[in-house]
Amino acid sequence: MHRPFLSSFPFGLAWLLGLGLLLSACAPTPEGPPPAPAEQTLRRLPEGEVIGFLDTNGAQVWRGLPYAKAPTGPLRWRAPQAPEPWTGRRDALAFGAACPQIASPLGGAPAALTGQLWGEEACLFLNVYAPSHASAGSNLPVLFWIHGGGNSSGHAGFYNGVNLAEQEDVVVVTLNYRLGPLGWFHHPALGGESAEDRSGNYGTLDLIAALRWVQGRIAVFGGDPAKVTLFGESAGGTNISSLLVAPSARGLFRAAIEQSGGHGSVSLAEASHLVDDPEPGMAGSSGEVALTLLAQGQDACDRACAKARLAETDPAALGAALRALSVADLFALYGQDLLGPNNPAVLRDGAVLPETPFLELFSDPARSAPVPMIFGTNRDESKIFMAFDPSQVTRAFGLPLWPKDPERYDLMAEYSARAWKLRGVDEPARQRVAGGLPVWTYRWDWDEQGRRFGLNVSQLLGAAHGLEIPFVFDHYDVGGQSGLLYHEDNAASRRALAAQMMGYWGSFARDLDPGTGGGRGPRWAPFNEAEGIGHLRLDTAPGPEMTPVAESLEALLADLAADPRLTSPEARCAVLTNAFRYDQSEALATGRAVLGCPEA
């Protein structure tokens, strides 16, 4: 995956700052003094004693627990190793450092650092949230959260599991994992003693290491290691797809929920070759990065010169030079992308992850974990990006005011969201059902932000990408810009929908069936296209309800061809190209052929 959800919208610093201002509603309030340790939370791990604290709702919390050694020095670009033991009692009161990234409020970074390098390589920490009564032997279901952020940003401290844990009587785990080129970077010069060391999939291996940590330690916090359910959003959902097909992740979880995810991945050739090789690599490949490094120095030279230097450089020396780079110098090799290094991620290396594209494996229980799953998307996924596109929206000081053409704005968002649902929900659901596996699907439609401070937020954002996450956690620590998204006018209905969603997520973790969400909503029927059962629509009015809609490429293209709002072939082709811009070259090619669009 090559950061598909963010990389197509580089509208400059004003875009990034504006987006941060608008969505600082999702950022946590700055931390005050650390909470006081509570004796009730004292636990003994293989590494030593640890003590946490009690949240205001009574939930037990442990922050900053190391699940692997710091991946620094010789451990950079190596598989994670077991955590070091400690002496004495370790306070688990503060979050561990975020992994290196370019700071954005979208990923939970302090707004004042937006656009700057933020985080530390010593970042492999996780957090545990348990109900007030939980203790060793409680055997509660475990919900294991994998954050999104294009695999280039985000951190576990952005998400607070206390309300989800307490309401649903589950243990919640959130974690950091290596991001960007520290998380996914395959280059032959780096060597390595094992296939995992050489794989390039270090972020994926971090997730597997954390799941192994859960297997060996979650019982002391009240969790049942045999009842682990993955849940994650955006890139977190894509990472769940990778764990489904990772042989070494087998048996580490029993169910999974993908929120606005996908199943994109890249080959090792794409991840490491030069762009002008016979089998070309991607623009941010490790080969291109190494070439940029060799072109630098006192005798800086052009591409041809750098290639000549590469041919003369001993691979071990090149590997040592890459490993010796500071994080800042490594990130600088990728250029000045304000979202950080645009490196290939989730690599089909043939060892950690199979060489076959993941979707092709989803129907085979022998090659994809045979676990129940929930897949879902949001009705207005791409509006989070469109709102800051100067070709779509009138802006002032980098902030959006209103769509230049409201009808076209909604139309573009509609088909883009349908395409996202097709690739992120219905296609994988069909594959899983074909393999005899139970699947449930949803679409999240909440758009009750209304008009705030002169902005029609319901129109600009609506049910946009990522905005369902606070409902899953029932946590609205929204800071100074909270009025844009969550306010008194929508509080009652918002909290009611959040209770229903948490009920479904919690029931799925307990019973491997979302059921009625603990009696809070209608029965969520499994995906059954033959019987016309498509998905659960999650909204406040009239409330969650089953609908018969399941997306197909044929239906989407037929609607696009006949849509009366599009009055020219050029307009249809523009909507098609926008809708299938993410990891769907085959679908885009089919659509161009059906609609008679010229090749790009």
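The values are calculated or read from the model by the stated rules, or taken from the named source; none is laboratory data. What you are looking at is a predicted structure, and each value in this text was computed from that prediction instead of being measured. Neighbour counts are summed over all protein chains in view; Cβ atoms, including those assigned to glycine, are modelled from backbone coordinates with ideal geometry. Just the protein is used for accessible areas: all its heavy atoms, side chains included, with ligands, DNA and RNA removed. Shrake-Rupley method; radii C 1.70, N 1.55, O 1.52, S 1.80 Å.
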Condition check: under 30 Å from Phe53 (Cα atoms) and either open to solvent by 10 Å² or more (accessible area, probe 1.4 Å) or not in a loop (DSSP other than H, G, I, E, B) (or both). Does Glu193 satisfy that? no
Gln431 - would you say it is surrounded by fewer than 23 Cβ atoms within 10 Å (Cβ to Cβ), in contact with a helix residue (DSSP H, G or I) (Cβ under 8 Å, 6 or more places away or on another chain), assigned to a helix (DSSP H, G or I) and at pLDDT 95 or above? yes
Single residue of region 435-463 satisfying the filter (over 14 Å from Leu538 (Cβ atoms) and at pLDDT 95 or above) that is surrounded by the most Cβ atoms within 10 Å (Cβ to Cβ): Val439
Members of region 381-409 found to be over 30 Å from Phe253 (Cβ atoms) and acidic (Asp, Glu), listed by number: Asp389, Asp405, Glu407
State all residues of region 336-349 that are at positive phi and open to solvent by 50 Å² or more (accessible area, probe 1.4 Å); if no residue qualifies, say none. none
Any idea which residue in region 350-361 is nearest to Pro71 (Cα to Cα), counting only those that are open to solvent by 40 Å² or more (accessible area, probe 1.4 Å) and in a loop (DSSP other than H, G, I, E, B)? Ala351
May I ask you to list the residues in region 311-339 that are within 28 Å of Ala103 (Cβ to Cβ), among the acidic types (Asp, Glu) and part of a helix (DSSP H, G or I)? Asp329
Test each condition in (1) over 30 Å from Gly350 (Cβ atoms); (2) touching a strand residue (DSSP E or B) at 6+ places or on another chain (Cβ under 8 Å); (3) among the small types (Gly, Ala, Ser) for Ala271 and report the one that comes out false. (1)
Search result, residues across region 362-395 that are of a type in the set (Ser, Thr, Tyr), at pLDDT 95 or above and surrounded by fewer than 21 Cβ atoms within 10 Å (Cβ to Cβ): Ser363
Cβ-Cβ under 7 Å pairs, at least 6 apart or on other chains, region 308-335 side on the phi < 0 side of the Ramachandran plot, far side among the basic types (Lys, Arg): Arg323/Arg76
Looking at Arg78, is it basic (Lys, Arg) and closer than 21 Å to Val162 by Cβ? no
Out of the residues in region 151-190 meeting the condition of being closer than 24 Å to Phe508 by Cα, open to solvent by 10 Å² or more (accessible area, probe 1.4 Å) and of a type outside the set (Ser, Thr, Tyr), tell me which one is modelled with the lowest pLDDT. Phe158
Within region 208-223, does at least one residue satisfy the condition of being open to solvent by 10 Å² or more (accessible area, probe 1.4 Å) and either closer than 18 Å to Asp349 by Cβ or touching a Phe, Trp or Tyr at 6+ places or on another chain (Cβ under 6 Å) (or both)? yes
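Conditions tested, residue by residue: (1) aromatic (Phe, Trp, Tyr); (2) part of a helix (DSSP H, G or I); (3) open to solvent by less than 20 Å² (accessible area, probe 1.4 Å).
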residue	(1), (2), (3)
Gly264	no, no, yes
Ala271	no, yes, yes
Asp276	no, no, no
Gly287	no, yes, yes
Ala304	no, yes, no
Arg309	no, yes, no
In contact with a Phe, Trp or Tyr (Cβ under 7 Å, 6 or more places away or on another chain), assigned to a strand (DSSP E or B) and within 26 Å of Gly506 (Cα to Cα): is that true of Val142 in this structure? no
Does region 114-139 hold any residues that are in a strand (DSSP E or B) and surrounded by 23 or more Cβ atoms within 10 Å (Cβ to Cβ), and which are they? Phe125, Leu126, Asn127, Val128, Tyr129, Ala130
If a residue must be open to solvent by less than 50 Å² (accessible area, probe 1.4 Å) and either in contact (Cβ under 8 Å) with a residue 12 or more places away in the chain or closer than 30 Å to Ala492 by Cβ (or both), how many such residues does region 534-560 contain? 17
Among the residues of region 495-522, what is the count of those that are in a loop (DSSP other than H, G, I, E, B), over 13 Å from Ile374 (Cβ atoms) and open to solvent by 40 Å² or more (accessible area, probe 1.4 Å)? 5
